[in-house]
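Down below is the structure, laid out as structure tokens.
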Amino acid sequence: FAFDKYLYPLFALAWLFRTPHDIVYAVLESYAGLAAAFYKCVTRHPVILNVQSGTLDDWRRVFGVNVLLRQFIHRMPDAVHAISRHLASRATWLGARRVTVIPNGIDIARYRLQVPRDAKKIVCVGRLYYVNGQDVLVEALQYVLKEFPDVKLHLIGDGPELEKLKVKSEKLKISEHI
């Protein structure tokens, strides 16, 4: 159990009060967002909150103090920068105002697939994280292969589910299609 992340808002606040600046840009709506929201309450300096965590999608099922804290974090900033419409919707539901969607950019040349143009392919780009559902995609591939036996699934990304996805594809005997 690492408790240092819980101290982050306190250390961030201390730094914010000691360091002159014109605007605060808080990345993530958890600890940095909490520090920025408290700072905004005290100083009224401009704050932008960057919302990019899809791992918080249990937010609708959580009640009480957790939701109140998340509402506080989303309502205090002057503006919110979300990296997707989904995250913008969640931020708005939590009370954010002035939400703008600006997707993350990528270097397309770096991720160019080396497959023929006429090949049948399914491409999934993202963190290999349980909430993103790549396991469902791998499971569904066995049924897609019945109709399109030459299809290839390209999972582009990394994350804690990588090994589980490899094991699942081997168990389903479809690993040569991924």
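The values are calculated or read from the model by the stated rules, or taken from the named source; none is laboratory data. Being a predicted model, the structure only gives us computed values, none of them experimental. Note that we place each Cβ from the backbone using ideal geometry, even for glycine, and neighbour counts take in every protein chain shown. Remember, those area values only see protein heavy atoms, side chains included, never the ligands or the DNA or RNA. Shrake-Rupley method; radii C 1.70, N 1.55, O 1.52, S 1.80 Å.
Annotations for the structure displayed:
- Computed FRET value (nearest 0.05) for His154 with Val101, which takes r as the C-beta separation and R₀ as 25 Å: 0.45
- Only protein atoms count toward the accessible area here, which uses a 1.4 Å probe; on segment 118-178, the carbon and sulfur part of that area reaches 57 percent.
- Near Val24, the amide H atoms lying under 5 Å from its own belong to Val47, Ile48; only residues 5 or more places off or on other chains count, and H is placed 1.01 Å from N.
- Remark: the chain carries 67 Å² of accessible area per residue (probe radius 1.4 Å; ligands, DNA and RNA excluded).
- FRET efficiency estimate (nearest 0.05) - Cβ-Cβ, Lys173 to Leu28, R0 41 angstrom: 0.55
- Proximity of backbone amide H atoms, modeled 1.01 Å from N, is registered between Leu153 and Ile122, Ile178 at under 5 Å, excluding neighbours fewer than 5 places apart on the same chain.
- Start at zero, step by 10 Å, and the Cα-Cα distances of the chain spread as 8, 28, 26, 20, 13, 4, 0 percent across the bins.
- A Cβ-based charge dipole, computed about the Cα centre of the chain with Lys and Arg at +1 and Asp and Glu at -1, lands at about 360 debye.
- Rounded to the nearest 0.05, the FRET efficiency derived from the C-beta distance between Thr19 and Gln52 at R0 = 25 Å is 0.55.
- Length gained on full extension, Glu139 to His86, computed as 0.36 nm times the residue gap minus the Cα-Cα distance: 16.7 nm.
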